[in-house]
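To start, the structure itself, in structure tokens.
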Amino acid sequence: MALAKDFAPRLMPAPQAAHYIGVSVTKLRELPIPRKILDGKRLYDRLDLDSYADGLATEGEVENGGW
């Protein structure tokens, strides 16, 4: 019986991480998101991806928290 992946894994290769945050792999590699190294593989941590996305400006809000 195959294990269903109904959740995002903690560590992801670039194509999966890019899909997770909705950008291309090329764009992902330009972003200041750190990678983890596991057995020579460079992987993105879901928590780092979430943190980066949380830090993005929200449309309609004034930047830097000012009103």
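Please indicate, with yes or no, whether at least one residue in region 6-25 is at negative phi, at pLDDT below 95 and open to solvent by 60 Å² or more (accessible area, probe 1.4 Å).
Looking for residues that are at negative phi, at pLDDT below 95 and open to solvent by 60 Å² or more (accessible area, probe 1.4 Å), one finds at least one in region 6-25, hence yes.
Within region 42-67, how many residues turn out to be over 9 Å from the mean Cα position of the chain (by Cα) and either of a type in the set (Lys, Arg) or surrounded by 10 or more Cβ atoms within 10 Å (Cβ to Cβ) (or both)?
Looking only at that region, the number is 3.
Would you check if residue 39 is at pLDDT 95 or above, more than 11 Å from the chain's Cα centre (by Cα) and open to solvent by 90 Å² or more (accessible area, probe 1.4 Å)?
Here the answer is yes, as residue 39 does meet what is asked.
The values are calculated or read from the model by the stated rules, or taken from the named source; none is laboratory data. Treat the numbers as computed from the prediction; the structure is a model and nothing was measured. Please note: Cβ atoms are built from the backbone with ideal geometry, for glycine as well, and neighbour counts cover all protein chains shown. Calculation scope for accessible area: heavy atoms of the full protein, side chains included, ligands and nucleic acids excluded. Shrake-Rupley method; radii C 1.70, N 1.55, O 1.52, S 1.80 Å.
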